[in-house]
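Chemist: Encoded as structure tokens, here's the structure I'll be asking about.
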Amino acid sequence: MKKIILVVLVFVAMQVNAQNYMLKPGDHFPAINITPIINAPVKTLNLSTYSSNKLFIINLWGTWCSPCIPEMDSLAKLQSKFAQHIQVVGLSDEPVDRIKKYLAKKPSKIWLASDTASLLYRMLNLAYVGQCVVINAKHEIVALLKTDSVNAKVINRLIKGEKIKSNGEVQNRLNSTDKDPFGVDSLLASNFTIRSYMTDQQAMGKRPSRGAFGGRRISYYNVGALTMYKEAYNITSSKQIVYEGSAKKYDNYQDKNLSYCFDLLVKPGQKDSLLIIMQNKLQQNLPVKARIELRDTDVYVLKLKDTAKLLIPKSKLMTITYGFSGRGFDGQGVTLNEFANLYLSNEFDLPVVDESGLKGRYDIKTNVEMRTKAGVLKSIEDLGFLLNKERRKVRIMILYTDKNGL
């Protein structure tokens, strides 16, 4: 059994619950040890006491985050250009061995460290990775920035001591009440609600598979029309979406005026029609409409590399359970069509069509060492599959407004 190395950020000068202690620009950086640092002259870094005239830029990232890879490349160039003035630290929630694999492929002057407990991430209350916290020589947090906004101009301003407006995104602290936001309880046979942006809710979707509402309910909070239409019509790739006329303006998740909260609960006998009913409700209540057409387009086709070698086991489950992240896919009771639609079409720039010829359900687990196209391809090749780019007729969703529609 492999030895598991548990790496944590250890409190030195204070004991604080990270859930309740939120760091922000202007705060003194807390007395915590960032350790181990894999490729630096120091193995441990405590920025509340570390003596240096440099600015420290801690980038919260992960090899599982595809946008983070080019962002780290950009930061590496800035590190080389401003080596006398800054030190970038890449802090990931991944174990040391995974970060070492990244370092072997991409040698870097960025100090790479591991925080498997995600303590600093939680203390900063970040909404997502791909964000930086900047600490000056006085051990003060001067800015929280989206990593893709950090460039030479920003670095020069920071070096001069100019005030930088933070553009990082943090999570909303939501109400702890157990009350259903849509007022739905287990006694209701059916319900439909659509309303505007809710200030006390995070953007998310819910579709329970069990319990009183299992298979009968679908809810969305603070999302755009596109997100809901994709779910309703089972659209898995952005390449399956076409905009007509002014419909493109509705694909703007940053505009709260175009965000909706949606809840649909159908009667027990209507479970199989949940998405069809959802389609009708969206068409009736949203200013942007949708229709489906079959069109000839580029796709990736999933095939077996060698039909004599099947490297995934047959599943004992008759229904799917699955999850995936930048680290890969892990599912039980999965058909190859579901694997292609739910996961692969999400990871690649084209729809993925299953032509493996495999029937039935399987237990499928991939291991993505780095979330790049090559990394995902290798993970499925390790299971005995390959992807070929070809042309196929696939379902295309056309979004339009009333005046542009049919």
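Chemist: If you put +1 on each Lys and Arg Cβ and -1 on each Asp and Glu Cβ, how big is the dipole of the stretch 10-159 around its Cα centre, in Debye rounded to 20?
Modeler: In total the dipole reaches around 420 debye.
Chemist: In addition: Name the residues whose placed amide hydrogens come within less than 5 Å of the amide hydrogen of LEU112, ignoring near sequence neighbours (fewer than 5 apart) on the same chain.
Modeler: Here ILE38, ASN39, GLY90 satisfy the definition.
Chemist: Can you bin every Cα-Cα distance in the stretch 10-159 into 5 Å intervals starting at zero and give me the percent of pairs per bin, rounded to whole numbers?
Modeler: Histogram of Cα-Cα distances, whole percents per bin: 2, 10, 20, 25, 23, 14, 5, 1.
Chemist: Whole number please: convex hull volume per residue of the Cα set in the stretch 191-286, in Å³?
Modeler: 109 Å³
Chemist: What does the charge dipole of the chain about its Cα centre add up to, to the nearest 20 debye, if the Cβ of each Lys and Arg holds +1 and the Cβ of each Asp and Glu holds -1?
Modeler: Dipole magnitude for the chain comes out near 420 debye.
Chemist: If you check each cysteine of the chain for another cysteine whose beta-carbon is under 4.7 Å away, which ones come up empty?
Modeler: Those would be CYS132, CYS261, since no other cysteine Cβ in the chain comes under 4.7 Å of theirs.
Chemist: I'm checking a number: the convex hull volume of the Cα atoms of the stretch 31-93, normalised per residue, in Å³. What is it?
Modeler: About 88 Å³ per residue, rounded to a whole number.
Chemist: Another question, if that's okay. Find the centroid of the Cα atoms in the stretch 110-157 and in the stretch 295-352, then give the distance between the two in whole Å.
Modeler: Measuring centre to centre over Cα atoms gives 35 Å.
Chemist: So if I place +1 on the C-beta of Lys and Arg and -1 on the C-beta of Asp and Glu, and nothing else carries charge, what would the dipole magnitude of the stretch 191-286 be about its Cα centre? I want it in debye, nearest 20.
Modeler: Here the stretch 191-286 has a charge dipole of around 280 debye.
Chemist: Under a straight-distance cross-link criterion of Cα-Cα below 18 Å, which aspartates and glutamates are reachable from LYS316, leaving out those fewer than 8 residues away in the same chain?
Modeler: ASP330, GLU338, ASP363
Chemist: Anyone know which of GLY168, GLY224, GLY214 comes out most mobile in the 10 Å Cα GNM of the chain?
Modeler: GLY214
Chemist: Taking a 22 Å limit on the Cα-Cα distance, which of the listed pairs LYS24/LYS206; LYS365/LYS393; LYS77/LYS389; LYS101/LYS378 fall beyond it?
Modeler: Violating the 22 Å limit, Cα to Cα: LYS24/LYS206; LYS365/LYS393; LYS77/LYS389.
Chemist: Then there is this: Using only the Cα atoms of the chain, build the gyration tensor, take square roots of its eigenvalues as a ≥ b ≥ c, and label the shape rounded, prolate or oblate: rounded if a/c is under 1.5, else prolate if a/b is larger than b/c, else oblate.
Modeler: Prolate, because a/c is 1.5 or more and a/b exceeds b/c.
Chemist: Among SER66, LEU258, LEU187, pick out the residue whose Cα is farthest towards the positive end of the charge dipole of the chain, where Lys and Arg carry +1 and Asp and Glu carry -1 on C-beta, about the Cα centre.
Modeler: SER66
Chemist: Springs between alpha-carbon atoms under 10 Å, Gaussian network over the chain: tell me which of LYS160, LYS378, LYS248 tops the mean-square fluctuations.
Modeler: LYS160
Chemist: Another question, then. Say we join alpha carbon atoms closer than 10 Å with springs in a Gaussian network model of the chain; which of PRO351, PRO268, PRO30 then has the biggest fluctuation?
Modeler: PRO268
Taken together, the values in this text are just the output of simple stated rules run on the coordinates, not laboratory data. Predicted model, so just to flag it, every value in this text is computed and none were measured. Note that each Cβ is placed from the backbone with ideal geometry, even for glycine, and that neighbours are counted across all protein chains shown.
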